[in-house]
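Okay, so here's the structure we're looking at.
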Amino acid sequence: MTYAAASLVPVVALGALVLEGYRRDAAEQGREQGLAQAAVIAEIAVAPALNADDVGASTNIDDGLTLAQSAGLQDSTEQAIFRGSVLRLRLRSFTGRVVFSDDGTTSGGVSITDSDFQAAAAGQPRAKVIDSEVIRVLRPLVASASGQSVGVLELYLPYRAVADRFHAQVSRTWWTIGVCLAALYLVLALLAWWTTRSLSRYAARQEYQALHDTLTGLPNRAAFRKQADAVLDKGGTGAIVIVDLNRFKEVNDTLGHHAGDELLRVVADRMHAAIGPGDVLARLGGDEFAMLLPGRDATAAVALLSTVRDRVSAEMVLDGVPLNIEAAFGVAIYPRHGSNVEELKQHADIAMYQGKRGANDIVVYTGGGAGHPHQWLVVQAELRHALERDELVLYYQPKIALPGGEVCGVEALVRWQHPTRGLLPPGEFLPAAEHSGLIVPLTEWVLRRALADQLGWTATGRDWTLSVNVSARNLEVPGFPGLVLDLLAETGIPPHRLILEVTETALAADADEAAKAVAELSRAGVGISVDDFGTGYTSLSRLRGMPITEIKIDRAFVTDVLHDPQSQAIVRSVIELAHGLGSRATAEGVETAEVRTWLAEAGCDEAQGYHFGRPAPWPQISTQPHLEGVSR
């Protein structure tokens with residue numbers, strides 16, 4: 001409406017300008033017609049009458065006219081006056097004296113100081129429209145005999161006919177211009193309306209796209225933060241949830257990105273259908289989602305997420321392939337776990353990663369676990385420098401053969417000699433490394449240093465095997481088996497004296513990639529150990545056919561083996577499973593002689609724990625006082 005009103009102003013101004021131009025043109029046309037008509041009267045009527053008594057020899061008419069001249073002028077002008085082509089006629093000298101007038105008066109007329117009179121006296125005719133009714137003409141009076149100006153002819157001619165013709169022409173033109181301008185204004189108004197609607201729709205689309213994910217149509221990270229801030233400002237309690245899909249990369253790599261996109265859309269629809277009308281579901285990016293659950297405590301949030309999990313994990317078919325997708329849910333309760341969105345998201349993210357590493361896929365933040373993500377950034381930056389400055393050190397924990405008790409191998413455990421915080425255990429920095437690319441150079445450093453140390457104890461006559469922990473990320477890196485074999489070739493250590501320990505969760509999360517890497521390393525003679533068995537969610541079918549050298553029983557079952565019948569049953573079952581797969585069974589966390597004896601009687605092959613020795617640099621391993629009753 002503003003644009004339409006504003007555009008009306010130039011349209012009206014244009015019409016007024018055109019109309020004024022026509023007025024000026026009509027006035028100019030009247031003046032030109034008056035000058036032409038005055039010239040005709042002067043030449044045909046006035047000049048011949050003046051020449052009757054040879055007045056042409058005189059330079060002016062200040063002395064007046066003769067009777068013959070006056071009579072001649074009266075006769076010659078009477079017809080024009082009668083017909084109305086001339087309204088008034090005067091002959092005036094250069095001094096302004098009226099020497100002849102059609103009505104016999106000798107006064108009146110234009111003042112001699114008038115610019116038009118002075119111009120006519122100087123030989124320049126002038127015409128002027130007066131009151132839109134009369135054209136006044138002042139022109140030099142030239143005697144035919146001499147051709148010289150002898151005075152001023154003052155004529156008043158009718159302008160009505162010219163004005164009528166002008167008004168008729170202007171009226172037609174005005175209607176034509178008015179219609180055209182009205183059409184132009186209508187076009188401009190319609191264009192403004194269409195443009196305004198288009199811009200409004202475009203702005204709405206841009207605003208929607210700025211706050212929504214284009215793939216799933218869900219609110220994006222910015223919109224989630226905005227809505228969460230608004231809810232937190234109102235107070236009350238509720239939950240913020242971070243959701244991450246398991247094995248999404250495997251779908252992308254196997255079926256293609258189009259299948260991954262369709263998977264995200266299906267999962268988004270299923271989760272959105274499972275939550276309440278007041279809840280918010282957003283996609284933060286990749287396969288990560290977030291939920292805002294106002295008014296729910298931890299119990300209610302977990303109950304809702306159990307329904308969401310069941311719907312997400314229901315079978316779907318993508319490109320003809322049936323899939324079951326699982327997800328990890330991290331929950332942070334406000335205001336107990338934080339008062340702002342970023343803090344709550346960080347705590348929910350910590351809980352979610354705990355869910356990915358454990359058997360429970362819905363985890364409520366408890367304040368423990370891995371460090372904050374923003375602290376991880378600091379740790380990652382410092383860890384890069386630590387690798388460059390060689391601040392990492394290796395400790396080794398002995399593995400004891402049962403029932404004999406001799407040291408048969410050692411497990412390499414990395415420590416960080418931090419310049420300000422002292423000696424840091426793996427839990428302080430490995431989680432940050434695992435969620436960045438640093439785990440790759442870190443594992444390479446551990447392998448190089450551990451193999452170099454292995455050369456040292458081999459030279460002293462100790463034929464110990466070396467166990468090194470590797471991350472799931474290592475198994476995903478192309479060429480990792482080649483790196484391991486190249487390092488073995490450089491040191492000259494036989495492959496069977498190296499054992500790579502992989503967590504049960506890593507094998508379960510990336511079964512295909514892990515299987516390829518494990519198979520290649522196993523074919524070369526490298527031993528493969530399944531670490532922390534019993535705490536993850538490996539399907540036994542995935543162990544079938546995998547070249548497993550060792551299964552390590554988690555300390556959670558070993559610690560209570562003397563007092564808990566269920567732990568005893570689990571440990572015995574794992575030992576039998578390992579033997580059935582052609583593998584060794586190794587117990588972790590052995591801290592008493594009684595547990596050691598029980599494990600030996602149960603058929604366990606190897607054990608490690610504080611009962612045999614704490615982690616230490618390799619020269620100190622065989623001289624530790626803790627190795628009571630252990631053969632050296």
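The values are calculated or read from the model by the stated rules, or taken from the named source; none is laboratory data. Fair warning: this is a prediction, and the values are worked out from it, not measured in the lab. Cβ placement follows ideal geometry from the backbone for every residue including glycine, while neighbour counts extend to all protein chains displayed. These accessible areas exclude ligands, DNA and RNA; they are computed on the full protein's heavy atoms, side chains included. Shrake-Rupley method; radii C 1.70, N 1.55, O 1.52, S 1.80 Å.
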On the formula 1/(1 + (r/R0)^6), with r taken between the Cβ atoms of I44 and A16 and R0 of 35 Å, the FRET efficiency rounded to 0.05 is 0.25
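Return the FRET efficiency for the residue pair R201, H167: r is the Cβ-Cβ distance, R0 is 45 Å, and the value is rounded to the nearest 0.05.
Computed FRET efficiency for R201 and H167: 0.35.
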Pop a pseudo-label 7 angstrom from the Cα along the beta-carbon direction at both Q74 and A119 and give the gap in nm to one decimal. 3.4 nm
Count the net charge of all other residues whose Cβ sits under 13 Å from the Cβ of P335, scoring Lys and Arg as +1 and Asp and Glu as -1. -1
Length released on extending from L191 to Q566, taking residue separation times 0.36 nm less the Cα-Cα span: 126.9 nm
If the chain between R24 and V321 were fully extended at 0.36 nm per residue, the gain over the current Cα-Cα distance would be 98.3 nm
Of the beta bridges DSSP finds with both residues in the chain, what % are antiparallel, to the nearest 5? 70 percent
Per-peptide average of other Cβ atoms within 10 Å, ordering 271-284, 602-615 highest first: 602-615, 271-284
Using the eigenvalues of the Cα gyration tensor, what equivalent ellipsoid semi-axes result for the chain when each is taken as the square root of five times the eigenvalue, whole Å, largest first? 117, 27, 20
Can you compute the charge dipole magnitude of the range 161-227 about its Cα centre, using +1 on each Lys and Arg Cβ and -1 on each Asp and Glu Cβ, nothing else charged? Give it in debye, rounded to the nearest 20. 240 debye
Let's test the formula: R0 of 30 Å, r as the Cβ-Cβ distance of T176 and M1. What FRET efficiency results, to the nearest 0.05? 0.60
Determine which aspartates and glutamates satisfy two conditions relative to K128: a Cα distance under 19 Å, and not lying fewer than 8 residues away in the same chain. E20, D25, E28, E32, D114, D116, E154, D164
Excluding residues fewer than 8 places away in the same chain, name every one of the aspartates and glutamates whose C-alpha is closer than 14 Å to that of K552. E411, E501, E504, D531, D532, E576, E588, D605, E606
Helix 67-83 versus the longest principal axis of the chain: what is the Cα-based angle in degrees, 0 to 90, to the nearest 10? 50 degrees
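Using a ≥ b ≥ c from the Cα gyration tensor of the range 218-316 (square roots of the eigenvalues), is it rounded, prolate or oblate, where a/c under 1.5 gives rounded and otherwise the larger of a/b and b/c decides, a/b for prolate?
The shape class here is prolate.
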Around T465, which amide H atoms from residues at least 5 apart in sequence, or from another chain, sit under 5 Å from its own amide H, with H modelled in the peptide plane? G409, V410
Cross-link candidates for K234: which lysines have Cα within less than 19 Å, leaving aside residues fewer than 8 places away along the same chain? K226, K345
Over the chain, give the accessible area per residue in Å² for a 1.4 Å probe, as an integer. 48 Å²
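Once fully extended, how much extra length lies between K234 and E406, figured as 0.36 nm per residue of separation less the alpha-carbon to alpha-carbon distance? The partial results should precede the final answer.
On the way: separation 172, 0.36 × 172 = 61.92 nm, distance 6.57 nm.
Going from the current span to full extension adds 55.4 nm.
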Quick one: dipole size for the chain, taken about the Cα centre, charges +1 on Lys/Arg Cβ and -1 on Asp/Glu Cβ, in debye to the nearest 20. 1300 debye
Using a 7 Å offset from the Cα along the Cα-to-Cβ direction at both A524 and T95, what is the distance between the two label points in nm, to one decimal? 13.4 nm
Could you check how much of the accessible area of the chain is carbon and sulfur, as a whole percent, using a 1.4 Å probe? 55 percent
With Cα coordinates, the longest principal axis of the chain makes an angle with the long axis of helix 298-313, in degrees rounded to 10, of 90 degrees
